[in-house]
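S.K.: Shown below is the structure under consideration.
The values are calculated or read from the model by the stated rules, or taken from the named source; none is laboratory data. This one's a predicted model, so the numbers in the text were calculated from it and none came from an experiment. Cβ placement follows ideal geometry from the backbone for every residue including glycine, while neighbour counts extend to all protein chains displayed. Keep in mind that these areas ignore ligands, DNA and RNA; they rest on the heavy atoms of the full protein, side chains included. Shrake-Rupley method; radii C 1.70, N 1.55, O 1.52, S 1.80 Å.
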Amino acid sequence: MATEIPLDRATAKKFDSEDIIASARDEFYIPTRAEVTQNKEIADPDAPSLYLCGNSLGLQPKLTRKLLDEELNVWASNGVYGHFRHPHSRPWVTIDETVTSTMADIVGARKEEVAVMATLTTNLHLLMAAFYKPTTERYKIIIEHKAFPSDHYAVESQIQMHDLSVDQAMVTIKPPANSKILPTDYILSIIKEHASTTALVLLPGVQYYTGQAFDIQQITAYAKSLGIIVGWDLAHAAGNLALRLHDWDVDFAAWCSYKYLNAGPGGIAGLFVHEKQSERPRLTGWWAHEVNSRFMMDNHMKVQYGAAGFQLSNPSVLDTIALLGSLTVFRKYTMKALRAKSVALTGYLETLLLSRFPDKPFLIITPSDPEQRGAQLSLAFADGMMDEVNQVLQENGVTCDERKPDVIRVAPTPLYNSFEDVWVFVDQLRKAVDIVFARRRFKSAQV
């Protein structure tokens with residue numbers, strides 16, 4: 001968005017009228033103002049709330065309830081026979097096949113390179129069990145300094161399971177001086193510095209705190225040229241960025257499905273293993289066995305080809321069906337179209353913020369370059385204001401996401417957020433900041 005565009009609400013409505021995927025919003029339940037505030041006395045209680053938190057939990061697709069009800073009815077009326085006969089052609093024994101192809105399309109992979117299974121951290125552990133093979137010479141894992149805690153803990157425990165010292169084997173990339181982000185050249189320099197002793201690089205596609213999107217292709221190519229295995233946590237990237245995991249020669253990746261993929265809290269996750277790594281030794285379970293002979297029960301493992309061979313147990317049918325509800329919506333659109341709208345929405349948000357806040361009560365720590373961010377801007381507030389501002393927003397039916405100590409993450413999600421949502425958010429944020437400033441002035445005058 002150019003900075004000279006009109007900044008009035010009518011312009012936001014005009015952008016929405018020109019949005020070729022605006023109808024996607026109708027596919028989702030949007031909580032009302034009364035529901036999110038738990039206040040029936042709020043103005044316009046039945047009006048849709050302002051939900052800009054898809055980077056934490058995506059909204060519920062309307063189809064999901066119907067699909068879950070269908071599965072509950074099959075369970076009630078068929079019992080165990082639902083595994084092999086199903087009135088909607090979704091036998092439970094192959095339930096993951098209902099979502100694997102679409103998931104592969106979303107992350108830019110071949111179907112055989114993707115498995116829908118388990119949860120994100122479980123999948124990271126399974127993948128590291130297969131890919132992290134420390135030796136006397138190469139034993140380090142490189143992650144970013146402020147990694148999501150679950151990733152940090154997982155890497156720590158993997159190192160400890162090999163009886164290695166975390167202090168010696170974990171390399172955390174801290175931002176350079178006076179910077180909140182990690183420039184690609186800087187990341188490459190750290191990889192180069194530790195190349196001879198590094199076994200694995202594990203980085204996020206989008207850094208959860210800053211919203212920075214990493215250059216997956218360039219970092220992967222460079223690290224692999226130095227003989228290092230490269231894996232990616234795509235929790236904030238899957239369904240958000242246009243990914244090409246196969247073409248980028250990524251070794252492995254994992255992601256959750258409850259953020260931009262809208263599969264519900266704790267939804268079933270996914271993993272990617274490049275076809276070049278499909279024969280890699282791994283931990284296995286019953287569901288890794290070839291489908292056609294799985295029920296022979298002879299205890300002679302015949303591992304499925306590709307990522308499916310990393311499965312342990314049968315996936316939760318209800319979790320998989322909840323994901324199907326969202327992916328059915330994704331099938332109506334392309335990641336190219338979603339990404340184009342996302343770039344426009346986030347750019348519009350940035351333009352409005354820079355215009356409406358000349359007093360700079362916060363710093364946008366997410367890169368301004370659209371190629372270095374997804375559907376998120378992270379606003380770092382000064383003077384401990386974040387909690388106060390977020391509280392006022394919540395009281396007025398605005399849902400964002402706070403991350404301690406000072407950041408409010410704002411995520412205009414292209415499937416269900418509009419340009420008018422973005423305009424209203426900035427207006428509400430301006431009012432919230434002014435209220436906090438006024439309260440502080442009043443308290444100061446009372447002293």
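S.K.: Filter the helices (runs of 4 or more DSSP H) completely within the stretch 1-120 down to those with at least 3 residues that are on the phi < 0 side of the Ramachandran plot, at pLDDT 95 or above and open to solvent by 30 Å² or more (accessible area, probe 1.4 Å).
M.R.: Those helices (runs of 4 or more DSSP H) span 9-17, 33-37, 62-78.
S.K.: Turning to a different aspect of this structure: Considering only residues that are open to solvent by less than 20 Å² (accessible area, probe 1.4 Å) and either of a type in the set (Val, Ile, Thr) or closer than 13 Å to ALA118 by Cβ (or both), which ones fall in the stretch 264-284?
M.R.: GLY267, ILE268, ALA269, GLY270, LEU271, VAL273
S.K.: Something else now. For the stretch 341-360, how many residues are surrounded by fewer than 16 Cβ atoms within 10 Å (Cβ to Cβ) and assigned to a helix (DSSP H, G or I)?
M.R.: Total meeting the criteria: 3.
S.K.: Right, something else. Identify all residues within the stretch 420-433 that are open to solvent by less than 80 Å² (accessible area, probe 1.4 Å) and either in contact with a Cys (Cβ under 6 Å, 6 or more places away or on another chain) or not acidic (Asp, Glu) (or both); write none if there are none.
M.R.: Correct list: VAL422, TRP423, VAL424, PHE425, VAL426, GLN428, LEU429, ARG430, ALA432, VAL433.
S.K.: A further question follows. Taking the stretch 267-317 on its own, how many of its residues are more than 19 Å from ALA129 (Cα to Cα), part of a loop (DSSP other than H, G, I, E, B) and of a type in the set (Phe, Trp, Tyr)?
M.R.: 0
S.K.: Given the criterion of a type in the set (Gly, Ala, Ser) and either under 30 Å from GLU290 (Cβ atoms) or in contact (Cβ under 8 Å) with a residue 24 or more places away in the chain (or both), identify the matching residue among SER17, SER77, SER56, SER23.
M.R.: Sole residue among the options that is of a type in the set (Gly, Ala, Ser) and either under 30 Å from GLU290 (Cβ atoms) or in contact (Cβ under 8 Å) with a residue 24 or more places away in the chain (or both): SER56.
S.K.: In the stretch 226-242, is there at least one residue being in contact (Cβ under 8 Å) with a residue 12 or more places away in the chain, under 21 Å from LYS140 (Cα atoms), assigned to a helix (DSSP H, G or I) and open to solvent by less than 50 Å² (accessible area, probe 1.4 Å)?
M.R.: no
S.K.: (1) open to solvent by less than 10 Å² (accessible area, probe 1.4 Å); (2) closer than 21 Å to THR346 by Cα: which one isn't true of VAL436, the others all being true?
M.R.: The number of the failed condition is (2).
S.K.: Within the stretch 130-218, considering only strands (runs of 3 or more DSSP E) that don't extend past its boundaries, which have at least 3 residues that are open to solvent by 10 Å² or more (accessible area, probe 1.4 Å) and modelled with pLDDT under 95?
M.R.: none
S.K.: Say we look at the stretch 372-387 and pick out the residues that are touching a helix residue (DSSP H, G or I) at 6+ places or on another chain (Cβ under 9 Å) and touching a residue at least 60 places away in the same chain (Cβ under 8 Å); which of these is most open to solvent (accessible area, probe 1.4 Å)?
M.R.: Checked the stretch 372-387; the qualifying residue most open to solvent (accessible area, probe 1.4 Å) is GLN372.
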